[in-house]
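These notes concern the structure reproduced below.
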Amino acid sequence: MSDTARPAAAPPRRGLLETLQIDTRLLGMIGAFVVLCLAFNLVTDGRFLTPRNVFNLTIQTVSVAIMATGMVFIIVTRHIDLSVGALLATCSAAMAVTQTIALPQMLGLPLGHPAIAPVSIVVGLAVGTLIGAIHGWMVGYLTIPAFIVTLGGLLVWRNVAWYLTSGQTIGPLDPTFQLFGGTNGTLGEFWSWVLAGLAVLAAAWAIFNGRRARQAHGFPVKPLWAEAALTAIIAAAILGFVATLNAYQIPANRLRQMFAARGEAMPEGYAAGFGLPISVLVLIVVAVVMTVIARKTRFGRYVFATGGNPDAAELSGINTRMLTVKVFALMGFLCALSAVVASARLTFHSNDIGTLDELRVIAAAVIGGTALAGGIGTIWGAILGALIMQSLQSGMAMVGVDAPLQNIVVGSVLVAAVLIDIIYRRRTGGR
Amino acid sequence: MATPLVELRNICIAFGGIKAVDDVSVDLYPGEVVGLLGHNGAGKSTLIKCLSGAYRMDSGEIRIDGRPVEINNPRDARALNIECIYQTLALADNLDAAANLFLGRELVTRFGFVDEARMEAETRRIMQRLNPNFRKFAAPVKALSGGQRQSVAIARAVYFNARILIMDEPTAALGPQETRMVAELIQELKRQGLGIFLIDHDIHAVKELCDRAAVMKNGQLVGVVRCADVSEDDLLGMIILGKMPEHLAV
């Protein structure tokens with residue numbers, strides 16, 4: 001018990017980072033990401049960090065990032081899901097068939113009817129959740145290893161998708177549905193600013209509310225200036241991000257079409273920015289909800305406890321089998337949500353949608369610090385991981401790196417990132 | 001004498017063809033510590049896991065306060081105020097002390113979210129009582145010493161008002177000072193009227209801490225003796241030879 005006595009002695013001088021209590025891991029990842037972006041920006045003569053490219057980068061990341069948040073829970077509970085790309089394809093196929101064939105022909109709703117998008121999305125989410133739950137049941141109750149269940153699932157669902165559509169590409173999809181794709185559905189400058197403002201207020205409230213709760217119980221809190229600085233940094237990041245997205249101007253042709261669709265003429269010299277894409281908004285909502293689930297609900301607690309020590313969780317009265325079903329069902333739900341975004345971005349469903357996404361998703365979660373041994377992982381880490389992967393890929397494409405070399409680099413980065421993580425954990429005594 | 005708190009009656013459990021516990025009956029009274037002794041594989045842990053819900057017995061009966069009960073899983077055991085402190089410390093290494101203490105029984109806010117601040121406050125309060133030196137409330141329990149981890153495990157049992165406590169080698173990984181702390185704690189819990197099953201290899205500790213000792217060998221009960229009636233050598237003889245000491249044999 002010698003180690004408990006030490007803090008009682010004169011408190012050691014604390015560094016800036018310690019006072020701010022910022023996760024050094026998070027800082028390291030953000031640092032790596034910033035360096036990566038600046039490097040690409042330098043090599044591409046400033047083409048990498050243009051509003052246009054930032055916009056594209058974010059909408060390209062959304063689909064993988066949404067699934068990566070679910071993969072965190074899967075990996076934290078010591079499982080794996082190799083079927084997410086195939087599941088995405090089945091959900092996408094189910095939704096495409098619902099909106100272009102089932103609803104118009106069976107219920108007589110024409111393409112473009114306001115009920116089509118919501119109904120098909122609900123169908124897709126139900127399909128994804130159900131399939132995920134079946135995976136979870138096989139893993140949890142039948143005790144088949146998740147690796148095998150989802151490896152089988154990879155083959156099964158990829159080809160169920162094929163059967164659903166008879167192997168055909170289905171499109172164009174419903175216009176309302178396409179709003180979830182990115183470029184086709186953005187909030188515009190005004191609402192993006194409104195949302196950014198709300199986000200800043202929410203972040204500030206969360207930080208100071210947490211502080212108040214700790215003070216109420218008499219726990220130590222960070223100095224006020226540290227909380228204020230943290231809030232300021234978060235606010236600057238949110239506002240900067242939205243300002244960048246707003247700065248990406250909608251092309252004049254497209255604006256003219258938009259005005260023509262409403263039967264108006266475009267005023268001379270009119271310009272408008274895209275603003276926040278709806279798909280990115282979906283990702284932000286997923287990120288917030290998943291973070292709350294992970295940290296503030298019993299379910300989230302149990303996910304991490306089960307990953308840390310499955311026997312302890314079971315002995316504490318946690319129904320770990322049912323927990324497995326729920327975790328996989330959640331993964332299925334998120335795959336379906338990704339399917340909405342991915343197919344809406346393409347504006348059609350194709351057979352190869354989501355191919356190799358399982359590897360991108362797992363890589364994103366792992367680069368983001370999720371440990372395959374279980375028990376450790378964060379939602380923001382997985383999203384940042386997805387962003388880093390996508391930046392690498394599109395940055396190299398922009399520089400003109402050969403396609404095979406791109407994959408070689410991405411693969412090497414994955415392995416190197418995990419190595420750095422292992423070394424970091426060893427140095428800091430494993431947190 | 002009053003009704004026993006726990007009656008284990010004719011418990012049998014077999015794995016494959018091997019009878020791990022063969023027709024064993026033991027009682028436990030309130031405010032009593034009963035030691036379970038025996039070699040590795042004698043069946044002590046297996047017997048007690050039937051009470052904690054980790055295993056399901058093949059036949060036999062468990063009575064609590066004289067009433068027969070069904071214990072099919074750890075949740076059933078908890079509902080009967082049976083708490084266990086396992087040899088392998090059933091703690092989730094990646095979570096902090098408060099999260100472990102409340103694992104499976106989290107305090108929640110009005111909105112159904114886990115109330116971290118309140119759980120930490122409660123944890124600080126109970127640790128103040130059990131182990132005043134404990135300060136690492138924010139660190140995952142992986143970073144704690146053996147004694148600190150043990151005090152988290154004990155705090156969990158104490159906090160939820162256990163009536164029946166099962167301790168499986170609670171001092172196996174501890175230094176002398178920490179062992180003394182656990183011994184004092186057992187005395188304190190006894191005074192509060194808990195019934196405690198203590199599984200241990202250390203005959204000396206059992207003789208010191210327990211009122212009675214039940215000795216098992218090869219899945220069968222050798223006998224139950226009052227610790228005051230026997231010497232440490234007698235107990236050792238029971239464990240090795242599987243026979244009651246001569247002055248007690250009928």
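The values are calculated or read from the model by the stated rules, or taken from the named source; none is laboratory data. If you're wondering where the values come from, they're calculated on a predicted model, not measured in any experiment. Glycine also receives a Cβ, built like all others from the backbone with ideal geometry; neighbour counts cover every protein chain displayed.
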So for region A:389-411 (the condition being surrounded by fewer than 24 Cβ atoms within 10 Å (Cβ to Cβ) and either touching a Cys at 6+ places or on another chain (Cβ under 9 Å) or within 14 Å of another protein chain (Cβ to nearest Cβ) (or both)), does at least one residue qualify?
yes
Can we say A:A196 is buried (at least 17 other Cβ atoms within 10 Å of the Cβ), hydrophobic (A, V, I, L, M, F, W, C) and under 17 Å from A:V288 (Cα atoms)?
yes
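Output the helices (runs of 4 or more DSSP H) that fall wholly within region B:1-113 and possess 2 or more residues being out of contact with any helix residue (DSSP H, G or I) (no Cβ under 9 Å at 6 or more places or on another chain) and not hydroxyl-bearing (S, T, Y), or say none.
Those helices (runs of 4 or more DSSP H) span B:44-52, B:74-79.
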I'd like to verify a number: residues in region A:352-375 that are in contact with a Ser or Thr (Cβ under 7 Å, 6 or more places away or on another chain) and more than 23 Å from A:G411 (Cα to Cα), how many?
0
The correct count of residues that are modelled with pLDDT of 95 or more, more than 25 Å from the chain's Cα centre (by Cα) and surrounded by fewer than 16 Cβ atoms within 10 Å (Cβ to Cβ) in region A:111-147 is 4
Which listed residue, of A:L356, A:L372, A:L323, is farther than 23 Å from A:S279 by Cβ and surrounded by fewer than 19 Cβ atoms within 10 Å (Cβ to Cβ):
A:L372
Need the failing condition index for B:N133 against (1) in a loop (DSSP other than H, G, I, E, B); (2) more than 8 Å from chain A (Cβ to nearest Cβ), just the number.
(2)
Please go through region A:199-221 and give me each residue that is facing chain B (nearest Cβ under 10 Å) and part of a helix (DSSP H, G or I), ordered by number.
A:G210, A:R212, A:A213, A:R214, A:Q215, A:A216
Of the criteria (1) at pLDDT 90 or above; (2) not assigned by TED's automatic domain parsing to the domain that holds A:G332, which one A:I383 fails:
(2)
Does A:T428 count as touching a Lys or Arg at 6+ places or on another chain (Cβ under 9 Å), among the β-branched types (V, I, T), at pLDDT below 90 and farther than 18 Å from A:T90 by Cβ?
yes
Please identify the pairs in which a residue from region B:99-114 that is farther than 18 Å from A:T291 by Cα has its Cβ atom under 6 Å from the Cβ atom of a residue that is of a type in the set (S, T, Y), counting only partners at least 6 apart or on another chain.
B:L101/B:T123; B:L103/A:S316; B:G104/A:S316
Within the group A:T165, A:T176, A:T169, A:T231, which residue is away from every other protein chain (no Cβ under 14 Å), touching a Pro at 6+ places or on another chain (Cβ under 9 Å) and either on the phi > 0 side of the Ramachandran plot or not aliphatic (A, V, I, L, M) (or both)?
A:T176
If you take the residues in region A:296-331 that are aromatic (F, W, Y) and without any contact (Cβ under 8 Å) to a residue 40 or more places away in the chain, which one is farthest from B:F160 (Cα to Cα)?
A:F299
Tally time: how many residues in region A:326-353 are crowded, with 20+ Cβ neighbours inside 10 Å and out of contact with any Gly (no Cβ under 9 Å at 6 or more places or on another chain)?
0
Within region A:360-408, can you find the residues that are among the polar types (S, T, N, Q) and part of a helix (DSSP H, G or I)?
A:Q390, A:S391, A:Q393, A:S394, A:Q406, A:N407
Starting from residues that are within 21 Å of the chain's Cα centre (by Cα) and among the small types (G, A, S), keep the ones in region B:7-28 and report whichever is nearest to B:T46 (Cα to Cα).
B:A20
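Here is a yes/no grid of residues against (1) more than 9 Å from every other protein chain (Cβ to nearest Cβ); (2) at pLDDT 85 or above; (3) within 16 Å of the chain's Cα centre (by Cα):
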residue: B:G66; (1), (2), (3): yes, yes, no
residue: B:A77; (1), (2), (3): no, yes, yes
residue: B:T88; (1), (2), (3): no, no, yes
residue: B:A92; (1), (2), (3): no, yes, no
residue: B:F113; (1), (2), (3): no, yes, no
Among residues belonging to region B:124-142 that are free of Cβ contacts under 8 Å to residues at least 24 places away in the same chain and of a type in the set (S, T, N, Q), point out the one that is surrounded by the fewest Cβ atoms within 10 Å (Cβ to Cβ).
B:Q128
Would you confirm whether any residue within region A:270-291 is at pLDDT 95 or above, surrounded by fewer than 13 Cβ atoms within 10 Å (Cβ to Cβ) and within 14 Å of another protein chain (Cβ to nearest Cβ)?
yes
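Regarding B:E83, is this residue of a type in the set (D, E) and more than 9 Å from every other protein chain (Cβ to nearest Cβ)? Even if it seems obvious, please write down each step before you answer.
Numbers: of a type in the set (D, E): yes; more than 9 Å from every other protein chain (Cβ to nearest Cβ): yes.
Against the criterion (of a type in the set (D, E) and more than 9 Å from every other protein chain (Cβ to nearest Cβ)), B:E83 qualifies.
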